[in-house]
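Written out below as structure tokens is the structure these notes cover.
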Amino acid sequence: MSEIGERLREDVRHYWLSVLIAAAVIVLLNLLFGTVCPVRILFGLPCPGCGMTRALLSLLRLDFSTAVRLHPLSPAFFLLLLLFPVFRYRKRERFGVWVRICAVLLVLLLPVYVYRMLKVFPGEPPMDNSFGESLLYRILTIFK
């Protein structure tokens, strides 16, 4: 078997259970709450990553303006998703460099989130307010 295939098989052997659990949690949250975002579920507010999935789908359709409007960091995350398999399986890189790149992008999420909350919120999705549908609101109405 090729070295690429061996590395892929090794990754599947090590991470299959984590991927399966994550997929099950995503499906369960989506069925129960209509979203997978814990911040949106608990508080009804957008989280720092809100809009990222729709933005990445827009990038797949080559609709760059919509993608950047939905989430300004989506092109960077999209590029990361495209380059990861190349570097992981062709260039045989370990996860270390990818962890650092992801850390930088995660740190950048905070100022972008603050900007979006100050300039865009509340507005059109994904920066809309759905507190009335949140778990916190439902719990508070029980105790009223």
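The values are calculated or read from the model by the stated rules, or taken from the named source; none is laboratory data. Keep in mind that this is a model prediction, so the values were computed, not measured. Surface areas here come from the heavy atoms of the whole protein model, side chains and all, with no ligands, DNA or RNA. Shrake-Rupley method; radii C 1.70, N 1.55, O 1.52, S 1.80 Å.
If Arg116, Arg40, Arg9 are ordered by their accessible area, calculated over protein heavy atoms with a 1.4 Å probe, which sequence runs from highest to lowest?
Arg9, Arg40, Arg116
Express the C-alpha Rg of the chain as a ratio against the empirical globular expectation 2.2 N^0.38 Å, rounded to two decimals.
Cα-based Rg divided by the globular estimate yields 1.26.
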